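Each remark here refers to the structure printed beneath this line.
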Amino acid sequence: MEKIELLAPAGDLERLKWACLYGADAVYLGGEKFSLRANATNFSIEEMEEGVKYAHDHKVKVYVTVNIVFHEEDFEGLVEYLKELEKIGIDAIIASDVFILDLLKDNNINLEFHLSTQCSCLNKEVVKFFKKEGVKRVVLARECSKEDIKNIIDETGIDTEVFVHGAMCMGYSGRCTLSNYLTNRDSNRGACAQICRWTFDLYDEKNKINKETDFSFAPKDLSLLNFIPDLIELGVKSLKIEGRMKSIYYVATLLSVYRRVIDSYYNGTYKYSKKDEIELYRCANRDTLPQYFDKFPGKDEQYYIGRQENTNQDFLGVVLEYDSKNKEIVFEQRNYFEVGDTINIFGPNKESFNLKIDYIKNKDGELVDAARHPQEILRIPCDKMVDKYDLMRVDFFKED
Amino acid sequence: MSKIYIPLPAKKIIPLYLQQDFDGFFVGIEGLSSNFNSYITRDEVKDLTKSIKDKDIYICLNRLYFNNEIDSVKDFLISIKDLDITGICYTDIGVLNILNEICYDKDILWYSNHIGTNSETINFLGKRGVSKVLLSSEITAYEIKMIVKNSSLRIGAELYGFLNMATSSRKLLSNYFEQIDEKKEKEKYYIKDKVKEGTYFLVEDKNTNFFTNKVLNGIKFFPELIDSNIDFIFLDDYMLNENNFYNIIEAFSSLRKAYDDKEFVSKLEQVVDVNTYYDTFYGFLDKKTVYKVEDYGKN
């Protein structure tokens, strides 16, 4: 049985490496042009080349988004760019503008084509159209239910990619231009101003309706954590995590949880775990729900107070190395903790464990009472060996 | 000369509109189309083809369809395949797949709904059976002209009406009223954003649709689009008064007879403004969107 793919966002080279380490089977990223996150860090061709080499060395595939809706002025350099992508050995492009299919053929560019969710693939007839065009994989619309996904796979046999976690669009993807009208920023060319996170007053012909509750249409986030066995059994090929602009902590946490759940399904040990849920939901900065997967979303699947993002100070530090001689962890601080606290350490392919902080040393070897300063290099004692790239966080299992 | 298309109005209004000089109707089908003042049922299509002669008739399937709806769309398309209509408008590419599978041999018009923004995509679709395109409303008049020049299909643009800004499958108004424990009494509501205080309107039917609260009056741009050989323009009466819209059709059709008379065009622009109860604007016809940080604030 072919194992389902876990596909992670890689906002930059650093995050690509973290994704590879924390269990992604594939990563997706955007270049400096033609990608829907115009204002993210994004990858230069040189960085992409380095990223592809790193990912392939870790047996991780790399997909590159070429997913803007093109205007006449946007064609310049596209063919050359696609040829560069082919040359550096990426595994597929994720595109939404269909002419790219012909462009690849006409220029003998051998790149696998994955159809972006921006195309609103909601039904089997859309999928049949693109299958005939040689599209290898479709990223289904986030509005698809379990029954829709099953029927589309059964009727077309195409490889499908399904979003399992992350932010939702309020509208049909690709069919929302609120950003264009309200801010002049082009949503379909990577400059979406996320109007769906704004708040509004609501009126009928004459009267303002909202009193205590503003009108807003911000959707809560998606999580299909508890439906992973269903998705595998439906025959979905790839599970996608949204969030190219999210932190390494977010990506690493999500990947480690989803990796664990997927692996447990295949080795026959899967069972629902409250601990997995806690881990994911603590990390997310918005409430998460299955959205369209198990029922049509109603009033509880959205917010009425506009932008609703919880700050998260769970992320305490990044392990830089383990000093086995002194049995100390050398780490870079991210959030405050102090002597006497119990923290939790997790990393790729290992069980997380708790550690009580007996002391903290600064870089001069002096004892300090707390880890106070972001990015300060510090040491804490630990008898158990840890690895570079392990992460330190609040022991929230105990709190919850 | 460029054609003028309008939505098919309610039965009682049709004779009034037919007094004007325009070329065809986009027809909304109950349950399958969106954003029309009036719809006909699937069964009424045949009668329509008998009652309206000398006008183009496009059945307008301008929605995206969920998987559980698409078989019914297919049945409908098969049922009207041989009727005497000019063609089918589609937004969902699944409809194009069905039309190709049933070897549909009349016009196929892509009602592009925000994503018809370049000639390459249009040429791609042309090779797959599409013959006409209604472009996105989020592009400039210059871009429209470039697309007409660079594509092999017959191209059209919307020049009048409220502009659709977004569509959500969620029942955003019903959800809100449920949340505040009040009854939703209307179909149409207004929202005002708290930052720029812009007003927009929302209509909830099968989907929730967001519209501008100003009406596009693009008559000023019609002469240059005629010069560029645009195939058709679309005038939308959605949520507008039919008597005023009668005058709007007249203004646009009059322009076709003297489109190189700048003074006349300017007067017609005023006629359109006067006959539009709401404020008018040029939409994106004279304004480019931006998507790079360095371009913010330039327009």
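Please determine whether any residue of region B:160-173 is at the interface with another protein chain (Cβ under 10 Å from one of its Cβ atoms), of a type outside the set (A, V, I, L, M, F, W, C) and more than 23 Å from A:Asp300 (Cβ to Cβ).
The answer is yes; a qualifying residue exists.
Residues in region A:222-234: is at least one part of a loop (DSSP other than H, G, I, E, B) and at pLDDT below 90?
Going through region A:222-234, the residues part of a loop (DSSP other than H, G, I, E, B) turn out to be A:224.
Subsequent filtering for residues that are at pLDDT below 90 retains none.
Within region A:222-234, not a single residue is part of a loop (DSSP other than H, G, I, E, B) and at pLDDT below 90.
For the subset of region B:96-130 comprising residues that are polar (S, T, N, Q) and under 20 Å from B:Ile6 (Cβ atoms), which member is farthest from the other protein chains (Cβ to nearest Cβ)?
As a first pass, look at region B:96-130 and keep what is polar (S, T, N, Q): B:97, B:100, B:112-113, B:117-119, B:121, B:123.
Now restrict to residues that are under 20 Å from B:Ile6 (Cβ atoms): B:112-113.
On the way: B:Ser112: 10, B:Asn113: 6 Å.
Here the residue is B:Ser112.
Give the residue, chosen from B:Asp273, B:Asp261, B:Asp286, that is surrounded by fewer than 16 Cβ atoms within 10 Å (Cβ to Cβ), of a type outside the set (Val, Ile, Thr) and within 14 Å of chain A (Cβ to nearest Cβ).
B:Asp286
Step by step: first the residues of region A:193-220, then only those that are surrounded by fewer than 21 Cβ atoms within 10 Å (Cβ to Cβ) and assigned to a strand (DSSP E or B), then the one that is farthest from the other protein chains (Cβ to nearest Cβ). Which residue is that?
In this case the residue turns out to be A:Lys208.
Filter region B:133-154 down to the residues that are more than 7 Å from chain A (Cβ to nearest Cβ) and within 13 Å of the chain's Cα centre (by Cα), then identify the one that is nearest to B:Asn213 (Cα to Cα).
B:Ser137
Looking at region A:89-116, I want the residues that are over 24 Å from A:Ile241 (Cβ atoms) and have a partner that is part of a loop (DSSP other than H, G, I, E, B) and of a type in the set (D, E, K, R) with Cβ atoms under 8 Å, at least 6 apart or on another chain. Which pairs are those?
Correct list of pairs: A:Val98/A:Glu133; A:Leu101/A:Glu133; A:Asp102/B:Lys127.
Identify all residues within region B:256-293 that are in contact with a helix residue (DSSP H, G or I) (Cβ under 8 Å, 6 or more places away or on another chain), under 14 Å from B:Tyr160 (Cα atoms) and part of a helix (DSSP H, G or I); write none if there are none.
B:Leu268, B:Glu269, B:Val271, B:Val272
Would you pick out the residues in region B:116-134 that are farther than 19 Å from B:Tyr58 by Cβ and in a loop (DSSP other than H, G, I, E, B)?
Residues satisfying the conditions are B:Thr117, B:Asn118, B:Lys127.
Can you name the residue in region A:128-144 that is closer than 11 Å to B:Asn97 by Cα and within 7 Å of chain B (Cβ to nearest Cβ) and is also surrounded by the fewest Cβ atoms within 10 Å (Cβ to Cβ) among such residues?
Of everything passing the filter in region A:128-144, A:Lys128 is surrounded by the fewest Cβ atoms within 10 Å (Cβ to Cβ).
Taking the residues in region A:94-127 that are among the acidic types (Asp, Glu) and either farther than 20 Å from A:His71 by Cβ or in a helix (DSSP H, G or I) (or both) as candidates, determine which candidate is farthest from the other protein chains (Cβ to nearest Cβ).
Of all residues in region A:94-127, those among the acidic types (Asp, Glu) come to A:97, A:102, A:106, A:112, A:125.
Going one step further and asking which of them are either farther than 20 Å from A:His71 by Cβ or in a helix (DSSP H, G or I) (or both), we end up with A:102, A:106, A:112, A:125.
Details: A:Asp102: 5, A:Asp106: 11, A:Glu112: 18, A:Glu125: 3 Å.
If we take residues in region A:94-127 being among the acidic types (Asp, Glu) and either farther than 20 Å from A:His71 by Cβ or in a helix (DSSP H, G or I) (or both), then A:Glu112 is farthest from the other protein chains (Cβ to nearest Cβ).
If you check A:Gly190 against the conditions, is it closer than 16 Å to A:Glu242 by Cβ, surrounded by fewer than 24 Cβ atoms within 10 Å (Cβ to Cβ), touching a residue at least 40 places away in the same chain (Cβ under 8 Å) and at the interface with chain B (Cβ under 7 Å from one of its Cβ atoms)?
Criteria met by A:Gly190.
So, of the residues in region B:182-199 that are free of Cβ contacts under 8 Å to residues at least 24 places away in the same chain and part of a strand (DSSP E or B), which turns out to be farthest from the other protein chains (Cβ to nearest Cβ)?
B:Thr199
Considering only residues that are β-branched (Val, Ile, Thr), in a helix (DSSP H, G or I) and in contact (Cβ under 8 Å) with a residue 60 or more places away in the chain, which ones fall in region B:3-59?
B:Ile13 - this is the single residue of region B:3-59 that is β-branched (Val, Ile, Thr), in a helix (DSSP H, G or I) and in contact (Cβ under 8 Å) with a residue 60 or more places away in the chain.
Keeping to region A:145-161, report how many residues are within 11 Å of chain B (Cβ to nearest Cβ) and crowded, with 24+ Cβ neighbours inside 10 Å.
1
Within the group B:Phe264, B:Phe232, which residue is free of Cβ contacts under 8 Å to residues at least 24 places away in the same chain and on the phi < 0 side of the Ramachandran plot?
Sole residue among the options that is free of Cβ contacts under 8 Å to residues at least 24 places away in the same chain and on the phi < 0 side of the Ramachandran plot: B:Phe264.
The values are calculated or read from the model by the stated rules, or taken from the named source; none is laboratory data. Keep in mind it's a predicted model, so treat the numbers as computed, not measured. Glycine gets a Cβ as well: all are built from the backbone with ideal geometry, and neighbour counts include every protein chain shown.
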